[in-house]
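Beneath this line is the structure, given in structure tokens, with notes to follow.
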Amino acid sequence: MRNAKLKKLWDTLRSSYWFLPSLMATAGMFLAFAMLALDQTDAIKTGELSWIYRGGPEGARGLLSAVASSMVTVAATAFSITIVALQLAASNFGPRLLRNFMQDTGNQVVLGTFIATFLYCLLVLRTVHGEDYNLFVPQLSVTIGIILAIASIGVLIYFIHHASTIIQASHVIAGVADELDDAIDRLFPEEMGQAEPKDHSVIEAIPTNFDSQARLISSTHTGYLQVIDDQLLLKLACKYNLLLRLASKPGQFIGKGDRLIWVYPGERVNQKLTSEINRAFLLGKERTEQQDIEFPINQLVEIALRALSPGINDPFTAIRCIDRLTAGLSRLAECNFPSVYRYDPEHKLRVIAEPVAFTQLVDSAFDQIRHYGKSDIAVTLHLLGAIARIGSHIRHSRDRLALEQHADMILQGSREELSMQRDQQRVEELYQQMMATWRK
């Protein structure tokens, strides 16, 4: 449970605009104190370092004041540009994509660099004294301030390039696709190409009176189900000698009082067990890809749908999304999906958790794009080509059947929506080629 909470906390911190800049600002303050302490050493006082700042107190004050004031101005400008980028992202790609922009480390480092430099110069500036008050010029500290100012200029150049890159459709789509790949690696770590495990024999281990004797535990909180701590559920099942069957999946919106899990035998359910099981279900304000493989797929679909809307009419962006969905689904077609059943170390059935099915992911990826793109010949042909490529990775007949159903619906939609006979023929020819290849 601690590991699941830490992962959720880290995901929350990574999506914030205060965590990394705050760390960098703190580091800037510690750097200022460290440099001021070094300025008190004999090596600095006797001038053994010839490359450091050797000016007087007035010059040091002017230099540090100029750097500090410019850093505040640049930080405000960078923040304003970031807000504009977020607004563009929300309008062009959808508000659910804002989380991806908030997780962008580059923007956080830029903001943190400017703030850290400002605080550093501010803390060093307060120690500069003239001849009328115990003359002291922190020469090494001023030198480091100059180095930080030069580094900040480099960061500013990077930010200008980065801000103009992250709002490009190709960059956004590639970022979401990377999240999909990471989710696949995290949730389906089994070796590619392994046969799906056959667990039909364990059906006998499920009590025949499970449905009548099991008791439902409901949620005590409201939010999107982000993480299910399966290790904690297995531990509780062993501790109380229970059989658990999940009634919800990551990505679902859970309201207070909605069902979470079935517990057998039901007479062992009490307030303490209800509270402990609820702790295994971590809810949040929005969906995440931690255990929800469907979430990055839905993000790519949302970008494609906005591109296909009459106000934008950008089929090329939709085609890029289809390409990324094709790559992800092709990998998923070769994955060994988790078993429905979870056992304790003594091989006793403890948890029944229905995993997401490949056919469900195919529906999520293609249903809406197929519906809203059926009047565009380029999108229609690309969808058929995507299904053909995914079909070459299929290992189970039921998964191929799902692809065939989508291909049939694409063909039917083209007959209804494409006005040109030649376009209809092109779709028909590609469809027949794909079916002929699959029947070999």
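The values are calculated or read from the model by the stated rules, or taken from the named source; none is laboratory data. As the structure is a prediction and not an experimental result, all values here were calculated from the model. Positions of Cβ are generated from backbone atoms using ideal geometry, with glycine treated the same way; all protein chains shown enter the neighbour counts.
Summed over the range 164-210, the residues that are over 26 Å from the mean Cα position of the chain (by Cα) and either at pLDDT 85 or above or part of a loop (DSSP other than H, G, I, E, B) (or both) give a count of 12.
Among the residues of the range 207-264, those identified as more than 23 Å from Asp292 (Cα to Cα) and of a type in the set (Gly, Ala, Ser) are Ser212, Ala214, Ala237.
The set of residues in the range 237-272 that are over 25 Å from Pro355 (Cβ atoms) and either of a type in the set (Lys, Arg) or in a strand (DSSP E or B) (or both) comprises Lys256, Arg268, Lys272.
Yes or no: the range 366-377 includes at least one residue that is over 30 Å from Gln421 (Cα atoms), within 23 Å of the chain's Cα centre (by Cα) and either outside the structural domain of Ile261 (by TED's automatic domain parsing) or surrounded by fewer than 16 Cβ atoms within 10 Å (Cβ to Cβ) (or both).
Narrowing the range 366-377 to residues over 30 Å from Gln421 (Cα atoms): none.
Within the range 366-377, none of the residues are over 30 Å from Gln421 (Cα atoms), within 23 Å of the chain's Cα centre (by Cα) and either outside the structural domain of Ile261 (by TED's automatic domain parsing) or surrounded by fewer than 16 Cβ atoms within 10 Å (Cβ to Cβ) (or both).
Scanning the range 245-264 for residues that are in contact (Cβ under 8 Å) with a residue 40 or more places away in the chain and among the β-branched types (Val, Ile, Thr) gives Ile261, Val263.
Specify which of the listed residues (Ala43, Ala78, Ala4) is among the small types (Gly, Ala, Ser), in contact with a strand residue (DSSP E or B) (Cβ under 8 Å, 6 or more places away or on another chain), in a helix (DSSP H, G or I) and modelled with pLDDT under 90.
Details: Ala43 fails: in contact with a strand residue (DSSP E or B) (Cβ under 8 Å, 6 or more places away or on another chain); Ala78 fails: in contact with a strand residue (DSSP E or B) (Cβ under 8 Å, 6 or more places away or on another chain).
It is Ala4.
Taken together, the criteria exclude Thr73 from residues that are over 19 Å from the mean Cα position of the chain (by Cα), more than 29 Å from Leu140 (Cα to Cα), part of a helix (DSSP H, G or I) and not basic (Lys, Arg). Considering only residues in the range 390-433 that are surrounded by 18 or more Cβ atoms within 10 Å (Cβ to Cβ), within 29 Å of the chain's Cα centre (by Cα) and not charged (D, E, K, R), the one that is nearest to Ala307 (Cα to Cα) turns out to be His406. Among the residues of the range 15-30, how many are under 18 Å from the mean Cα position of the chain (by Cα) and assigned to a helix (DSSP H, G or I)? Selection size over the range 15-30: 2. Every residue in the range 224-236 that is within 14 Å of Pro355 (Cβ to Cβ) and β-branched (Val, Ile, Thr), please. Ile228 - this is the single residue of the range 224-236 that is within 14 Å of Pro355 (Cβ to Cβ) and β-branched (Val, Ile, Thr). Taking the numbered list (1) under 11 Å from Thr326 (Cα atoms); (2) aliphatic (A, V, I, L, M); (3) exposed (fewer than 15 other Cβ atoms within 10 Å of the Cβ) in turn, Ile387 passes all entries but (3).
The requirement of being closer than 19 Å to Phe366 by Cα and either assigned by TED's automatic domain parsing to the domain that holds Lys374 or not small (Gly, Ala, Ser) (or both) is fulfilled somewhere in the range 334-346, by at least one residue.
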